[in-house]
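Asker: This structure is in structure tokens; I'll ask about it shortly.
The values are calculated or read from the model by the stated rules, or taken from the named source; none is laboratory data. Being a predicted model, the structure only gives us computed values, none of them experimental. Every residue, glycine among them, receives a Cβ derived from its backbone with ideal geometry; neighbour counts consider all protein chains shown.
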Amino acid sequence: MPLAANSRELVVKIIFVFVALVILVRLFFLQLFEDKYKVMANDIAILRKVVYPPRGVIYDRKGKVMLNNELVYDLVVTPIEARKNLDTQRLCGSLDIDTSMFRKLMNRVINKGGWVRQGVFMEELSQQQAARFQENMFLFNGFQMVERNIRSYPSPHAAAVLGYIGEVSPDMLKKDRFSSYRQGDYVGVDGLEAQYEEVLRGQRGIYYIEKDNFNRPRDSYKKGILDTPAVAGRSIELFLDADLQAFGEKLMVNKLGSVVAIDPTTGGILAMVSSPAYDPNLLRGKDRSKNFGKLFLDATKPLFNRAMKGSYNPGSTQKPLTALVALDMGVITSSYGYPCGGGYYACGKRIACTHSGGGHAANLRLALANSCNSYFCHIYRLSVDTKEYNDVKKGLHRFYQYMYSFGIGHPLGVDLPHETGGTLFDVKDYDKMYNGSWNSCTNVYVGMGQGEIAYTPLQMANAMCIIANHGFYYTPHFVKSIAKNAKDPVLKPYLEAHKVVKISDGDFETVGLGMMDVVDHGTGTVAKLPGIEVCAKTGTVENKAIVNGQVMKLQNHSMFVAFAPRVNPKIAIAVCVENAGYGATWAGPVASLMIEKYLHDTIATNRKYLEDKMYNAKLIPKYTYIIDSARRLKDKLIWDRKISTQRQRDSLQYAQDSTMVMKFIKTFIQK
């Protein structure tokens, strides 16, 4: 037993001695041979210079530069080093600032990153500031001028798509995705800049430079063997057509709404307009924060991308999908007719139709051309009440499955952040809403695109791709290639076709011909183009707003969806113009002009009047600003009640003001 104990003791001693020897050898190695660690310990004599690479350039489908780089100089500081014999007056003179501004800027750096962490003291020095600082930089301990590339937008368009960059925040630095970033780095905040951050950012370089005894940079340390070269970001090419995008934004000036155009054969997004738009140059440079605040507070919400976040009842643009479901379920044929006399009465209430003459819904193509509400309410009920299931809940779930496969009720996966998925109710949703007691009359409005169904304009355009392609779509996306590689692994999710619930080519052909009839002699003749078979559907959508708990009927939304040509289609499009009235009056002309511009690269002389009409229209209603004010009052009321019960008197005043606003809105709308 004593021998065993002594053996164990000897083993433990050997282990401790071995570990100690390893540590000593490692320390010896670091001190004598690891130049990198010597540099870190000797940062007084050696300058560690960070070089930020240019981000990748973004091109449109024709090679036009949409997003580039511009070289600027930032002044950074390490506060604890700046305390050492700093000539504050001379520094302020070089930068043309006073001492109070110096203290403000220094405190901002300290509050953000502490005393030992380097931070940005001044952004984007002018040429004069940079020159004067460089002349005397050896006098300013802790300060360093850093080259940086800021984004440059040659054309003031596509802001919602391209996005912008900003300094990485402390909260971002806590996330794994940003583990390689440090305070002062810039990162894509929105749009393609954020979505493709890893592609566009490149790799920053680290260079070690010897300093003389006057603190002036001299030569590369060790002839640059420890340097890490900066690597520029990779450039990307888009499907987006810069000219078409600019044209769409011009057509949508002074309107609320959006346009989405897609190439059905690839899923490539040709244009995405969210109106009102803004100049992306506003969110670059020193005034970025101030301009962001103005845009954020604007009642028309220019920062809100309506094309993929706005959710609308589709109205009559839903009818082609309702028809496809009814055809595939076998509850109707293309020759099925319905005797509409101006309204649908089968559910014990009148659902109005815009046509009352006999025969306007004698078959499916006529019903689509004339947009008969009664017809599509009825075939929706035939679908969910189908005898195959003899159970409305099973029938409704089947309808839900069709719509979900069409890309409704969930995000499509576009390569931009923060896409929303709209609204699509299934059985459990109706059970919850009606305590399990409902039937096909309860949700009959869904068949005509009202009620518990809502699309984003992106989903509307994608639905047109499905009809154009006879049953499949590619996930809508912007990026065509990365560094000229169209098969880059990052793009793999966008190269796979998604097939919808199996529907026959014949049914798609029937619906497509009905949509062509809409343009040739139906409700969408405004979209007729010589020599091109345009397939379309108009939509006029009831528009209600809930303000302070009250439901208000506002002006209808104007909707239009289309694809062209009918055979071998090249463009699918969806247009929404909020608070504008009939679909053929405003959304229809925008869509047809966009199609014509893309297919012919020009607008025919006899259609220039439509172009001028769109340019000159001012369709943002005044109550947009009033409703926004009412909502702000409500938010303020809630906030006041949260922070202090002693301010109930003021809160009551806000409530009274809000009621006055509501009365004003009602009066305004009635007028």
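Asker: Determine whether Leu95 is modelled with pLDDT under 90, more than 24 Å from Ser169 (Cβ to Cβ) and either in contact with a Ser or Thr (Cβ under 6 Å, 6 or more places away or on another chain) or in the same structural domain as Tyr196 (by TED's automatic domain parsing) (or both).
Answerer: yes
Asker: Only one of Pro489, Pro493 is more than 23 Å from Gln401 (Cα to Cα), surrounded by fewer than 13 Cβ atoms within 10 Å (Cβ to Cβ) and of a type outside the set (D, E, K, R). Can you tell me which?
Answerer: The conditions single out Pro489.
Asker: Go through the residues of segment 455-475 one by one and say whether even a single one is more than 30 Å from Asn568 (Cβ to Cβ) and either out of contact with any strand residue (DSSP E or B) (no Cβ under 9 Å at 6 or more places or on another chain) or surrounded by fewer than 23 Cβ atoms within 10 Å (Cβ to Cβ) (or both).
Answerer: no
Asker: Restricting attention to segment 314-335, which residues are assigned to a loop (DSSP other than H, G, I, E, B) and hydrophobic (A, V, I, L, M, F, W, C)? Write out each step before concluding.
Answerer: Applying the first criterion (assigned to a loop (DSSP other than H, G, I, E, B)) to segment 314-335 yields 314, 330-335.
Within segment 314-335, Val331, Ile332 qualify.
Asker: Given the conditions (1) touching a strand residue (DSSP E or B) at 6+ places or on another chain (Cβ under 7 Å); (2) crowded, with 24+ Cβ neighbours inside 10 Å; (3) of a type outside the set (S, T, N, Q); (4) within 30 Å of Asp628 (Cβ to Cβ), which single one is not true for Met308?
Answerer: For Met308, the failing item is (1).
Asker: Take the conditions free of Cβ contacts under 8 Å to residues at least 12 places away in the same chain and part of a helix (DSSP H, G or I) and apply them to Lys394. Does it pass?
Answerer: yes
Asker: May I ask you to list the residues in segment 473-511 that are of a type in the set (Phe, Trp, Tyr) and either more than 23 Å from Val161 (Cα to Cα) or not in a strand (DSSP E or B) (or both)?
Answerer: Those that are of a type in the set (Phe, Trp, Tyr) and either more than 23 Å from Val161 (Cα to Cα) or not in a strand (DSSP E or B) (or both): Phe478, Tyr494, Phe508.
Asker: Sticking with this structure for a sec: Mind listing whichever residues of segment 336-354 are within 24 Å of Val511 (Cβ to Cβ) and in a loop (DSSP other than H, G, I, E, B)?
Answerer: Listed by number, the residues that qualify are Tyr336, Gly337, Tyr338, Pro339, Cys340, Ala346, Cys353, Thr354.
Asker: With respect to Arg132, determine if the residue is more than 27 Å from Pro170 (Cβ to Cβ), surrounded by 17 or more Cβ atoms within 10 Å (Cβ to Cβ) and of a type outside the set (S, T, N, Q).
Answerer: Numbers: more than 27 Å from Pro170 (Cβ to Cβ): yes; surrounded by 17 or more Cβ atoms within 10 Å (Cβ to Cβ): yes; of a type outside the set (S, T, N, Q): yes.
For Arg132, the condition - more than 27 Å from Pro170 (Cβ to Cβ), surrounded by 17 or more Cβ atoms within 10 Å (Cβ to Cβ) and of a type outside the set (S, T, N, Q) - is met.
Asker: Answer yes if at least one residue in segment 410-421 is closer than 30 Å to Leu238 by Cα, part of a helix (DSSP H, G or I), in the same structural domain as Val260 (by TED's automatic domain parsing) and touching a residue at least 60 places away in the same chain (Cβ under 8 Å), and no otherwise.
Answerer: Checked segment 410-421: no residue is closer than 30 Å to Leu238 by Cα, part of a helix (DSSP H, G or I), in the same structural domain as Val260 (by TED's automatic domain parsing) and touching a residue at least 60 places away in the same chain (Cβ under 8 Å).
Asker: Filter segment 110-122 down to the residues that are modelled with pLDDT under 85 and touching a strand residue (DSSP E or B) at 6+ places or on another chain (Cβ under 8 Å) and list them by number.
Answerer: The answer is Lys112, Gly113, Gln118, Gly119.
Asker: Just checking, how many residues over segment 315-358 are in contact with a Gly (Cβ under 8 Å, 6 or more places away or on another chain) and over 20 Å from Thr386 (Cβ atoms)?
Answerer: 12
Asker: Let me ask you something else. When residues of segment 315-332 are filtered for being over 18 Å from Asn373 (Cβ atoms) and polar (S, T, N, Q), how many remain?
Answerer: Total meeting the criteria: 0.
Asker: As an exercise: evaluate Gly447 against (1) modelled with pLDDT of 95 or more; (2) surrounded by fewer than 20 Cβ atoms within 10 Å (Cβ to Cβ); (3) among the small types (Gly, Ala, Ser) and give the number of the one condition it does not meet.
Answerer: With respect to (1) modelled with pLDDT of 95 or more; (2) surrounded by fewer than 20 Cβ atoms within 10 Å (Cβ to Cβ); (3) among the small types (Gly, Ala, Ser), Gly447 is out only on (2).
Asker: Are there any strands (runs of 3 or more DSSP E) wholly within segment 113-183 with 1 or more residues that are closer than 15 Å to Arg201 by Cα, and if so which?
Answerer: Working: elements: 119-122, 143-152, 165-167.
Here the list reads 143-152, 165-167.
Asker: Looking at Gln127, is it touching a residue at least 40 places away in the same chain (Cβ under 8 Å) and either surrounded by 18 or more Cβ atoms within 10 Å (Cβ to Cβ) or not basic (Lys, Arg) (or both)? Spell out the reasoning first.
Answerer: Values: touching a residue at least 40 places away in the same chain (Cβ under 8 Å): no; either surrounded by 18 or more Cβ atoms within 10 Å (Cβ to Cβ) or not basic (Lys, Arg) (or both): yes.
So Gln127 fails the test.
Asker: Being out of contact with any helix residue (DSSP H, G or I) (no Cβ under 8 Å at 6 or more places or on another chain) and modelled with pLDDT under 95 is the filter here; which residues of segment 226-253 pass it?
Answerer: Listed by number, the residues that qualify are Asp227, Thr228, Pro229, Ala230, Val231, Ala232.
Asker: Given the condition within 20 Å of Glu70 (Cα to Cα) and either over 39 Å from the mean Cα position of the chain (by Cα) or surrounded by fewer than 18 Cβ atoms within 10 Å (Cβ to Cβ) (or both), answer yes or no: does some residue in segment 102-123 qualify?
Answerer: yes
Asker: Show the residue pairs that are 6+ apart or on different chains and have beta-carbon atoms under 9 Å apart, the first residue being within segment 154-179 and exposed (fewer than 13 other Cβ atoms within 10 Å of the Cβ), the second being assigned to a loop (DSSP other than H, G, I, E, B).
Answerer: Between residues of segment 154-179 that are exposed (fewer than 13 other Cβ atoms within 10 Å of the Cβ) and residues that are assigned to a loop (DSSP other than H, G, I, E, B), the close pairs are Pro154/Lys64; Pro170/Gln183.
Okay, residues lined up against (1) modelled with pLDDT under 95; (2) among the β-branched types (Val, Ile, Thr); (3) surrounded by 15 or more Cβ atoms within 10 Å (Cβ to Cβ):
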site	(1), (2), (3)
Leu599	no, no, yes
Thr624	yes, yes, yes
Ala630	yes, no, yes
Lys634	yes, no, yes
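Asker: For segment 544-566, which positions are under 29 Å from Ala468 (Cβ atoms) and either of a type in the set (Lys, Arg) or modelled with pLDDT under 95 (or both)? Walk me through it before giving the result.
Answerer: First pass over segment 544-566, keeping only residues under 29 Å from Ala468 (Cβ atoms): 556-566.
Matches in segment 544-566: Asn556, His557, Arg566.
Asker: Quick check on segment 472-485. Is at least one of its residues without any contact (Cβ under 8 Å) to a residue 40 or more places away in the chain and closer than 28 Å to Leu396 by Cβ?
Answerer: Within segment 472-485, one or more residues are without any contact (Cβ under 8 Å) to a residue 40 or more places away in the chain and closer than 28 Å to Leu396 by Cβ.
Asker: Which count do you get for residues in segment 343-354 that are in contact with a helix residue (DSSP H, G or I) (Cβ under 8 Å, 6 or more places away or on another chain) and surrounded by 11 or more Cβ atoms within 10 Å (Cβ to Cβ)?
Answerer: 7
Asker: Does Met137 satisfy the criteria of being in contact (Cβ under 8 Å) with a residue 12 or more places away in the chain, within 18 Å of Val76 (Cβ to Cβ) and in the same structural domain as Gly56 (by TED's automatic domain parsing)?
Answerer: Details: in contact (Cβ under 8 Å) with a residue 12 or more places away in the chain: yes; within 18 Å of Val76 (Cβ to Cβ): yes; in the same structural domain as Gly56 (by TED's automatic domain parsing): yes.
The answer is yes for Met137.
Asker: Just need a number here: residues in segment 283-329 that are of a type in the set (Asp, Glu) and at pLDDT 95 or above.
Answerer: Of all residues in segment 283-329, those of a type in the set (Asp, Glu) come to 287, 298, 328.
Now drop any that are not at pLDDT 95 or above, which leaves 328.
Of the residues in segment 283-329, 1 are of a type in the set (Asp, Glu) and at pLDDT 95 or above.
Asker: Which members of segment 512-531 meet the condition of being assigned to a helix (DSSP H, G or I) and either in contact with a Ser or Thr (Cβ under 7 Å, 6 or more places away or on another chain) or among the β-branched types (Val, Ile, Thr) (or both)?
Answerer: Selection gives Val518, Val519, Thr525, Val526, Ala527.
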